[in-house]
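Right, one structure below, let's go through it.
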Amino acid sequence: MLFWHHSGKYAVKVAGASHYRDALKDVAQNPKGVPSLLFCDARLELDNANPYDTNAISVWIQDRKAGHIPRDLAPELRAAIASIGASSTTSYAAASVSGGLETADRHYEYVVELDIALPCSLDTASPRSPSEVKRINSYPTLELQPDGSYTATVWLPVASHDKLHRKRKVMTWTTDDWPVVCIYAVNSQQLGLGYKLTEIDKATFARIFGDKDVEGALIELNGRFARLSIKTLPQSSDA
């Protein structure tokens, strides 16, 4: 079997995934109110009969079509396969499926990303079989640390760390209408809410942090995962 070299960044976003929402929902199995997060190996097929793109490569997850390799990248993958003289039309890449959150008033699209290191090349030295689906489908739980901070391992919604704030800041945000406090990674432009990392119900947030101000940051980045750290700010005292 042909597998693509990976980098841990899941930097190749599959095109057209919105057309296969029902199939991806069947694969993801994320409950209402919770976004999906699953990992598996996706099957890539040379789509030689595609009437719209002679270089098309379709992407399949659990034998369900999930989209196509982006049009501008497909020729590079085909060239890499041809360069090793492979006769197979099938290859595999580590994949993630995120998003797909369903709320009372909105359905978010699923995002399928492939962990193909660029420039792309095939790993011919490490033969293996495709891995099983690993579903997480839950928000991470904050864990108390000896220094009084709370940490959790989170999935980054963006493949490039350059899109994050240079100090890896995070911010909390809620409204009177929300039952939760959301935590976002601040983006490099410090505009808007940035990238949502997780959420905590208000009762739990109040129990942990009370009415104190908090600060947070991503203290460790490893590919698409990061370690989120949140702590209360020191209280000022009168002289």
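Which whole-Hz ³J(HN,Hα) couplings does region 25-33 yield from phi under the Karplus relation 6.51 cos²θ - 1.76 cosθ + 1.60, θ = phi - 60°, glycine and proline marked x?
5, 4, 6, 5, 6, 7, x, 4, x
So how do TRP60, TRP155, TRP173 rank on accessible area, 1.4 Å probe, biggest first, that is with the largest at the start?
Largest to smallest exposure gives the sequence TRP173, TRP60, TRP155.
Quick query: amide H of VAL12 versus all other amide H atoms, modeled in the peptide plane; which residues come in under 5 Å with a sequence gap of 5 or more or a different chain?
When sequence neighbours closer than 5 places are left aside, the close amide H contacts are LEU114, ILE116.
Hey, can you find the accessible area per residue of the chain for me, probe 1.4 Å, expressed in square angstrom?
56
DSSP loop (so not H, G, I, E, B), at most 15 other Cβ within 10 Å: list which trypsin sites (Lys or Arg not before Pro) in region 100-201 pass both filters.
Those satisfying the criteria are ARG106, ARG128, ARG166, LYS167.
Show the residues, 5+ positions off or on another chain, whose built amide H is closer than 5 Å to the amide H of VAL181.
It is ILE200, ASP201, LYS202, by chain and number.
What are the ³J(HN,Hα) values, in whole Hz, obtained from phi via the Karplus relation 6.51 cos²θ - 1.76 cosθ + 1.60 with θ = phi - 60°, for each residue of region 70-82 in sequence order, with x given for Gly and Pro?
x, 4, 6, 9, 4, x, 5, 5, 5, 5, 5, 5, 5
Using the per-residue mean of other Cβ atoms lying within 10 Å as a proxy for protection, in what order, highest first, do the peptides 136-143, 118-125, 68-75 fall?
The peptides rank, most packed first, as 68-75, 136-143, 118-125.
Given the convex hull over the Cα atoms of the chain, what projected area results after averaging over all orientations, in nm²?
Computing the convex hull of the Cα atoms and averaging its projections yields 16.4 nm².
Once phi is turned into θ = phi - 60°, what whole-Hz ³J(HN,Hα) does the Karplus curve with 6.51, -1.76 and 1.60 give for every residue of region 219-230, x standing for Gly and Pro?
Computed from phi, the couplings for region 219-230 are 8, 9, 10, 9, x, 9, 9, 8, 9, 8, 10, 10 Hz.
The values are calculated or read from the model by the stated rules, or taken from the named source; none is laboratory data. Keep in mind that this is a model prediction, so the values were computed, not measured. Cβ coordinates were reconstructed from backbone atoms using ideal geometry, including for glycine residues, and neighbour counts include every protein chain displayed. Ligands, DNA and RNA are excluded from the accessible area calculation, which covers all protein heavy atoms including side chains. Shrake-Rupley method; radii C 1.70, N 1.55, O 1.52, S 1.80 Å.
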